[in-house]
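Before any comments, here is the structure.
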Amino acid sequence: MASVTVSDDEIVVRFNATEIPLVARQKVTIPLSAVKEVAVLEKSLATQGARRAGMFVTGVMKVGLWGTGTGVQQLVSVRRGTPALRIILDKYDAGLKIDEVMVSISDAASVADDIERRRGATR
């Protein structure tokens, strides 16, 4: 499962060895200034988006890059039974080619609160 670290100026999502080939990166670094919205999703497997690259096991997991044809590119690593942290970002400010990052982490609510608190301190 991916891990998320939040500091005063950035969010770092690190992927495990199984996820790396599916998401085509070891980590993604998101500047806090590029975060538009943060949410916690209890049913993360229901997210929309045409598959671009990755793995989808119905009702179990979704890992990879989603969004071809939708205009919204999602970097996803979500699993059944674990809430997901959803970060909507300004991809131009972030210097990335993705619009959203969704990762299942057990402490998604507390991480979302931490991101919002730190964002509020920098505004």
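General remarks:
- Prolate/oblate/rounded call for the stretch 3-122, Cα gyration tensor, a/c under 1.5 rounded: prolate
- Proximal lysines to LYS91, defined as alpha-carbon separation beneath 17 angstrom and excluding residues fewer than eight positions away on the same chain: LYS27, LYS36
- Distance from the alpha carbon centroid of the stretch 61-93 to that of the stretch 98-117 works out to 12 angstrom.
- Loop-resident sites, the stretch 24-123, for GluC sites (Glu not before Pro), counting at most 16 other Cβ within 10 Å (DSSP): GLU42
- Think of the chain as a dipole: +1 on every Lys or Arg Cβ, -1 on every Asp or Glu Cβ, centred on the Cα centre; then among SER110, THR70, ALA34, THR70 lies furthest on the positive end.
- Two-site FRET efficiency, LYS27 against LYS97, from Cβ-Cβ distance with R₀ of 25 Å, rounded to 0.05: 0.95
- MRE, 222 nm, helices only [DSSP H, n ≥ 4, -39500 (n - 2.57), over the chain, to nearest 500]: -5000 deg cm²/dmol
- In plain terms, the chain from THR58 to SER106 could stretch by 15.2 nm, reckoned as 0.36 nm per residue minus the Cα-Cα distance.
- Here the stretch 7-67 is assigned +1 on the Cβ of each Lys and Arg and -1 on the Cβ of each Asp and Glu. Its dipole about the Cα centre then comes out at about 360 debye.
- Listed peptides 105-111, 59-65, 4-10 appear in the order 59-65, 105-111, 4-10 once ranked by packing, highest mean of other Cβ atoms within 10 Å at the front.
- Local electrostatic count, VAL103, Cβ distance below 13 Å [Lys/Arg +1, Asp/Glu -1]: +3
- The chain - percent relative contact order, Cα under 8 Å, separation 6 or more: 25
Throughout, read-outs are computed from the coordinates displayed, never taken from laboratory work. Computed from a predicted structure; not experimentally measured. No Cβ is skipped: glycine too gets one built from the backbone with ideal geometry, and neighbour counts run over all protein chains shown.
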